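Comments concern the structure below.
The values are calculated or read from the model by the stated rules, or taken from the named source; none is laboratory data. This structure is a prediction, so every number in the text was calculated from the model and none was measured. We place every Cβ from the backbone using ideal geometry, glycine too, and count neighbours over all the protein chains shown. For accessibility, only protein heavy atoms count, side chains too; no ligands or nucleic acids. Shrake-Rupley method; radii C 1.70, N 1.55, O 1.52, S 1.80 Å.
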Amino acid sequence: SLWGLTGALILHNLSMHCINSTWVLFTMVRFDWGPRETGLSFAAFGVVALVYQLGIARWVLPRWGDKRVMLVGLAVASIEYAAYAFATRGWMVYVIMLAGGIGLLGGQAAQGLLSAQVGDDEQGALQGALAALMSVTGIVAPLLATDLFAYFTRPAAQPPVPGIAFLLAGALNVLAFLLALRVLARARRV
């Protein structure tokens with residue numbers, strides 16, 4: 001259960017780093033955004049993250065539980081990332097961002113479930129190991145996502161697919177969802 005949930009969290013973090021590392025490139029190519037529009041989108045994302053992770057999480061987590069929030073969060077994030085890839089107007093990004101905010105809680109819930117798997121004397125080791133793994137995803141994902149972006153937006157790409165890293169992120173979240181679902185189903189049987 002610990003390894004499966006860790007794998008789901010790694011896939012989820014890989015997907016988020018794919019988005020983060022290509023956001024500026026994607027919005028520049030897809031919507032012709034400059035620094036001002038991109039900066040506003042980052043600010044909006046920060047507000048949405050704050051509202052969901054500090055406000056809505058306090059209400060949702062106790063009512064739905066970590067398992068349901070993790071699964072819903074991973075599923076919503078999958079749809080959210082694919083929706084970004086297919087957005088045709090800049091304003092759509094804000095609607096997707098607001099609706100997809102619950103996806104931010106998937107990773108938070110997964111960490112809660114992982115924390116419950118180990119004793120108090122192992123919490124520091126777990127959190128340190130998770131931080132190290134998340135740092136690795138922060139190295140791997142940008143290399144992969146930016147290479148994909150470059151390949152699928154090069155002049156010879158017909159048709160160009162500037163949202164390819166977002167589609168990859170959605171697929172990674174689908175894998176994370178399926179892995180988490182399998183782990184949780186197996187845990188119920190035990």
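Observations on the structure shown:
- The condition (being part of a helix (DSSP H, G or I), under 21 Å from residue 90 (Cα atoms), in contact with a Leu (Cβ under 8 Å, 6 or more places away or on another chain) and open to solvent by less than 40 Å² (accessible area, probe 1.4 Å)) is satisfied by just one residue among 69, 48: 48.
- In the range 105-128, the residues that are over 24 Å from residue 78 (Cβ atoms) form Cβ pairs under 9 Å with partners that are exposed (fewer than 11 other Cβ atoms within 10 Å of the Cβ), at six or more places apart or across chains, as follows: 118/125.
- Inside the range 1-45, residues that are modelled with pLDDT under 95, surrounded by fewer than 15 Cβ atoms within 10 Å (Cβ to Cβ) and in a helix (DSSP H, G or I) make up a count of 2.
- Close pairs (7 angstrom Cβ cut-off, 6 or more residues apart or separate chains): over 9 Å from residue 8 (Cβ atoms) in the range 164-189, open to solvent by 60 Å² or more (accessible area, probe 1.4 Å) and among the polar types (S, T, N, Q) anywhere: 187/1
- Among residues of the range 72-94 being β-branched (Val, Ile, Thr) and farther than 10 Å from residue 170 by Cβ, the one that is surrounded by the fewest Cβ atoms within 10 Å (Cβ to Cβ) is 88.
- Subset of the range 95-119 [among the small types (Gly, Ala, Ser), open to solvent by 20 Å² or more (accessible area, probe 1.4 Å) and under 29 Å from residue 39 (Cα atoms)]: 99
- Residue satisfying all of: in the range 131-181; modelled with pLDDT under 95 and hydroxyl-bearing (Ser, Thr, Tyr); least open to solvent (accessible area, probe 1.4 Å) among these: 137
- Test result for residue 145, out of contact with any Gly (no Cβ under 7 Å at 6 or more places or on another chain), in contact (Cβ under 8 Å) with a residue 12 or more places away in the chain and under 11 Å from residue 14 (Cα atoms): yes
A quick yes/no check of all residues on (1) free of Cβ contacts under 8 Å to residues at least 24 places away in the same chain; (2) under 16 Å from residue 100 (Cα atoms); (3) charged (D, E, K, R):
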{"position": "1", "(1), (2), (3)": "no, no, no"}
{"position": "6", "(1), (2), (3)": "no, no, no"}
{"position": "9", "(1), (2), (3)": "no, no, no"}
{"position": "22", "(1), (2), (3)": "no, no, no"}
{"position": "27", "(1), (2), (3)": "no, no, no"}
{"position": "34", "(1), (2), (3)": "yes, no, no"}
{"position": "42", "(1), (2), (3)": "yes, yes, no"}
{"position": "45", "(1), (2), (3)": "no, yes, no"}
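- Only a single criterion out of (1) open to solvent by 40 Å² or more (accessible area, probe 1.4 Å); (2) modelled with pLDDT under 90 is not satisfied by residue 184, namely (1).
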